[in-house]
Amino acid sequence: MASPKRRVLAREFALGVAVSVTAALIIWFIGLDDPRHEPRHGTAQQAAHELEGKWQQFIWSAQGEGWKSGGVYRVSVEGEALTMSIVENWTSAPNFIRSTGLAHVAFYDEVWTFDSLLENGEQISFSLQQTDENTFEGYSYLNGVRNSPNRWLRLR
């Protein structure tokens, strides 16, 4: 049989665990209603529609030649999903490997992300921050390593 002191310690420990778990659940539930977790443009579907259209990619040349065009792409909403397709896949950027397809397109809280499968079989990821209604800037990432600065401009 446990001593009275040991029973008191066990009871205090159990009470402490219960309080900690309760506090964690309260904080978690409060966080679910936090407006910072909602897309700034209303629903995710409304935000996705704001991204629809043709976009021209520009890539910063590491050779000091400034911004070079990387092609034109179309963003569409199909049902609940965002999709991207290649409109014109030409480039003036040196050492640029063209895309053969795009996937995992997402837009949330002014951040546009997607993956591009390249001609050489590699996959490059993009993370772009909206700077104004018609411009996104960010980087491409190859194997998780930041690669080229990118600027995407909406075409009218």
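Restricting attention to the stretch 102-133, the residues that are touching a Phe, Trp or Tyr at 6+ places or on another chain (Cβ under 9 Å) and not hydrophobic (A, V, I, L, M, F, W, C) add up to 9.
Per-residue answers, yes or no, for (1) of a type in the set (G, A, S); (2) surrounded by 15 or more Cβ atoms within 10 Å (Cβ to Cβ):
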{"residue": "V87", "(1), (2)": "no, no"}
{"residue": "W90", "(1), (2)": "no, no"}
{"residue": "R98", "(1), (2)": "no, no"}
{"residue": "F114", "(1), (2)": "no, yes"}
{"residue": "N120", "(1), (2)": "no, no"}
{"residue": "S127", "(1), (2)": "yes, yes"}
{"residue": "T131", "(1), (2)": "no, no"}
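Kindly establish whether L117 is among the aliphatic types (A, V, I, L, M), without any contact (Cβ under 8 Å) to a residue 24 or more places away in the chain, touching a strand residue (DSSP E or B) at 6+ places or on another chain (Cβ under 8 Å) and assigned by TED's automatic domain parsing to the domain that holds K54. So L117 fits the description; yes. Residues in the stretch 72-105 that are over 17 Å from Q123 (Cβ atoms), part of a strand (DSSP E or B) and touching a residue at least 24 places away in the same chain (Cβ under 8 Å): V72, V75, S76, V77, A81, L82, V87. Filtering the stretch 140-156 down to residues that are farther than 14 Å from F114 by Cα and among the aliphatic types (A, V, I, L, M), which residue is surrounded by the fewest Cβ atoms within 10 Å (Cβ to Cβ)? That would be V145. Looking at D132, is it of a type in the set (D, E, K, R), modelled with pLDDT of 90 or more and in contact with a His (Cβ under 7 Å, 6 or more places away or on another chain)? So D132 fails the test. Across the stretch 53-88, which residue is nearest to R154 (Cα to Cα) among those that are among the polar types (S, T, N, Q) and more than 23 Å from the chain's Cα centre (by Cα)? Only one residue fits best here, namely S61. Restricting attention to the stretch 106-152, the residues that are in a strand (DSSP E or B) and not hydrophobic (A, V, I, L, M, F, W, C) total 23. Filtered by the rule that a residue be farther than 18 Å from R98 by Cβ and free of Cβ contacts under 8 Å to residues at least 40 places away in the same chain, the stretch 137-156 gives E137, G138, Y139, N143, G144, V145, R146, R156.
The values are calculated or read from the model by the stated rules, or taken from the named source; none is laboratory data. Since the structure is predicted, the reported quantities are computational estimates derived from the model, not experimental observations. We place every Cβ from the backbone using ideal geometry, glycine too, and count neighbours over all the protein chains shown.
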